[in-house]
């Protein structure tokens with residue numbers, strides 16, 4: 001079902017001001033949600049403004065068309081059934097799962113030794129995490145995303161290849177559909193604001209990436225250390241939080257075979273109150289992932 005949502009000139013002006021300052025659409029959406037606006041409504045309004053600016057069209061004046069999340073077609077999950085997943089080299093246990101949106105909490109995704117090894121391999125390659133400028137598509141550093149991060153190339157060495165292969169079995173999609181493992185480091189006080197992992201059509205880089213490799217389908221976040229306090233992965237639209245515990249993982253899906261994306265997958269990382277937080281993130285695509293560099 002679609003509805004026409006009317007909004008105030010003040011909200012329109014606020015959105016335009018933030019976009020003028022190159023604030024990421026996901027951050028604007030997250031702020032609107034924190035003010036008790038439903039996630040699908042916030043996304044529809046902001047995306048309408050961004051798309052109008054990209055196309056050189058008049059900005060929405062006081063209304064946009066909003067698709068209700070109930071329109072999202074829930075198909076059979078990509079994630080497999082059962083309480084244990086045999087990956088060939090390990091048994092990963094499913095501690096909990098949900099269906100709308102599709103989510104699962106996994107225990108024993110990585111061993112203690114694997115977590116430590118991944119941190120040590122990533123540490124010397126960390127750089128400030130970036131966000132994509134909504135118009136240029138360029139990666140830029142912004143204060144509202146203040147982690148450090150790096151990417152491994154897909155199967156860049158035997159150890160990373162073993163993790164890529166295991167993750168592929170857990171996520172039920174081919175290794176080649178995966179983007180390289182990203183490791184993120186959050187010191188005390190650092191966080192990540194509410195955002196979607198699927199690619200919004202707000203710049204040419206995202207549009208071209210989806211054309212090459214399809215939309216992102218699912219995410220696996222594996223926690224590489226125990227966090228003393230804070231650092232939870234939060235899903236504000238469904239009122240759910242995952243506590244970071246070493247070796248465990250959170251899985252969620254947000255794209256179906258029709259290319260629909262599910263705004264209920266909005267998520268964030270709470271501030272680290274004590275200690276530090278390390279995570280490994282894997283995104284899976286609809287088709288073989290082809291990076292911009294590979295496509296040149």
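The table for this structure:
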quantity	calculated
Candidate set: the range 120-155, residues that are at pLDDT 95 or above and in a loop (DSSP other than H, G, I, E, B); chosen: the one surrounded by the fewest Cβ atoms within 10 Å (Cβ to Cβ)	153
Test: residue 58 is part of a loop (DSSP other than H, G, I, E, B) and at pLDDT below 95	yes
Exclusive hit being touching a residue at least 12 places away in the same chain (Cβ under 8 Å), outside any strand (DSSP E or B) and either under 30 Å from residue 148 (Cβ atoms) or out of contact with any strand residue (DSSP E or B) (no Cβ under 9 Å at 6 or more places or on another chain) (or both), set 76, 117, 95	117
Residues within the range 262-290 that are crowded, with 22+ Cβ neighbours inside 10 Å and modelled with pLDDT of 95 or more, tallied	9
Strands (runs of 3 or more DSSP E) lying entirely in the range 190-251 (those with 2 or more residues that are surrounded by 20 or more Cβ atoms within 10 Å (Cβ to Cβ) and at pLDDT 95 or above)	216-223
Unmet requirement for residue 221, which otherwise passes all of (1) more than 16 Å from the chain's Cα centre (by Cα); (2) closer than 15 Å to residue 96 by Cβ	(1)
From the options 79, 49, residue that is at pLDDT below 95, within 26 Å of residue 256 (Cα to Cα) and buried (at least 16 other Cβ atoms within 10 Å of the Cβ)	49
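The values are calculated or read from the model by the stated rules, or taken from the named source; none is laboratory data. In this text, all values refer to a predicted model and were calculated from it rather than measured experimentally. Positions of Cβ are backbone-derived with ideal geometry, glycine not excepted, and every protein chain shown enters the neighbour counts.
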